[in-house]
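The values are calculated or read from the model by the stated rules, or taken from the named source; none is laboratory data. A quick note: this is a predicted structure, and the numbers were derived from the prediction, not measured. Note: ideal-geometry Cβ built from the backbone for every residue, glycine included; neighbour counts use all protein chains shown.
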Amino acid sequence: MIDEEFNLTPNQLDALREIGNVGAGNSATALSQIINKKIDMNVPKVSLIPIEEVPDLVGGPDAIIVAIFLRVYGKAPGNILFLMPKKNAFFLVDDLMGRPHGTTQSLDEMDESALKEIGNILTGSYLNSFFHFTNISMIPSIPSIAIDMAGAILNVVLVQLGQMGDHAMVIETKFLAEDDSVNGHFFLVPDPGALSTLVKAVGVE
Amino acid sequence: MADLIKVGMADYKVGRSPSTLISYGLGSCIGVSLYDPIKKVGGLLHIMLPDSTQARRSDNPAKFADTGIPLMINDVVALGATKARLVAKIAGGAQMFAFSNATDIMKVGTRNAETCKQVLRRNGIKVIAEDTGGTYGRTVSIDLSNGSYKVKTIDRGEKNI
């Protein structure tokens, strides 16, 4: 059984995709300016998936990833995750620190802080778009970072959704730079209930 | 050739020697293993949440400790295990992201571990080994030929409990 609140019309899905698209565009531009490289992104996917299949989106539950996590507060609460394979995250740190690719072998406090700041900037630019279209302000927490198995990291958000139902609605964008310094998945996972708040605010039937 | 049987999130599998049951990437989730050392049958359950009565709705009892554990006990017994001989080992229950103002939901790992132990105790099953807590993910597997429970991490190596 699929929970009723996920019964979105094609127009509503389109609206969410478009808001996500504008938000991701803002984020990609911001990121591109910071590291001075061209960043490509795909059109966001808005998808409803069984909770146990979410880890497969990022290479399976035992893939090692770097994750930046922010909680979103406000009328439409949720979680934001920026997930990168370890190798690409280390390249990104090298770029941010002005070192040649391959220098970073593990993350020190400074490196983690730099990545968290990237999470902040991406999230800020992204949520701006939601505010613009819905007039609902979504306030992010400070970022938190982890390097671990994808399954373990995704647990954090899936547990919250799992309390409510068996499916997760994710708005997902992929960012890619030509030289592999950026290869990340940006997820907005609205809390149960938040999605209908957003869709209502857009006013699309 | 021994089988390697995968157990997904919010799922459980039972089997017999020489199979190995494995579950990848547990964070705040818990991998609960049961084993009958004489019959060499056992099971592995990957729960996400402690208590089904606090959930709004779900069709999947294997997601929760309170409903998943009794289900697995039944299936292991149906495979030939004697309930009184079953022993349990548990691992997982981490807190993956450190927040200064961690909400209850962030600490779900601890509650998961406590509830698993309670439910097992209520069913008369002894927990003989445990590797819970911390801030890191685990991959767990139980070798049904000897009941050895392997816990693998990324930076902290692997161990048998």
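When segment B:89-111 is examined, which residues are found to be farther than 22 Å from A:Ile147 by Cβ and either modelled with pLDDT of 95 or more or crowded, with 20+ Cβ neighbours inside 10 Å (or both)? Passing the criteria: B:Lys89, B:Ile90. Right, A:Val66: within 12 Å of the chain's Cα centre (by Cα), at pLDDT 90 or above and either hydrophobic (A, V, I, L, M, F, W, C) or farther than 24 Å from B:Ser23 by Cα (or both) or not? Answer is no for this residue. Selection of first residues in segment A:92-121 that are under 23 Å from A:Ala28 (Cβ atoms) and loosely packed, with under 14 Cβ neighbours inside 10 Å and of second residues that are among the acidic types (Asp, Glu) and modelled with pLDDT of 90 or more, restricted to Cβ pairs under 8 Å at least 6 apart or on distinct chains, gives the following pairs, ordered by first then second residue: A:Met97/A:Asp111. What pairs come out if I take residues in segment B:12-38 that are of a type in the set (Phe, Trp, Tyr) and pair them with residues that are surrounded by fewer than 24 Cβ atoms within 10 Å (Cβ to Cβ) and in a strand (DSSP E or B) whose C-beta lies under 7 Å away, six or more apart or interchain? So the pair list comes out as B:Tyr24/B:Thr139; B:Tyr35/B:Val87.
Could you tell me whether any residue of segment B:63-72 is aliphatic (A, V, I, L, M) and in contact (Cβ under 8 Å) with a residue 60 or more places away in the chain?
Among the residues of segment B:63-72, at least one is aliphatic (A, V, I, L, M) and in contact (Cβ under 8 Å) with a residue 60 or more places away in the chain, which makes the answer yes.
One line per residue, one yes/no per condition, for (1) surrounded by fewer than 15 Cβ atoms within 10 Å (Cβ to Cβ); (2) without any contact (Cβ under 8 Å) to a residue 12 or more places away in the chain:
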site: A:Ala15; (1), (2): no, no
site: A:Gly23; (1), (2): no, no
site: A:Thr29; (1), (2): yes, no
site: A:Gln33; (1), (2): yes, yes
site: A:Pro44; (1), (2): no, no
site: A:Leu57; (1), (2): no, no
site: A:Ala63; (1), (2): no, no
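Within segment A:50-72, being more than 11 Å from every other protein chain (Cβ to nearest Cβ) and in contact with a strand residue (DSSP E or B) (Cβ under 6 Å, 6 or more places away or on another chain) holds for A:Val66, A:Val72.
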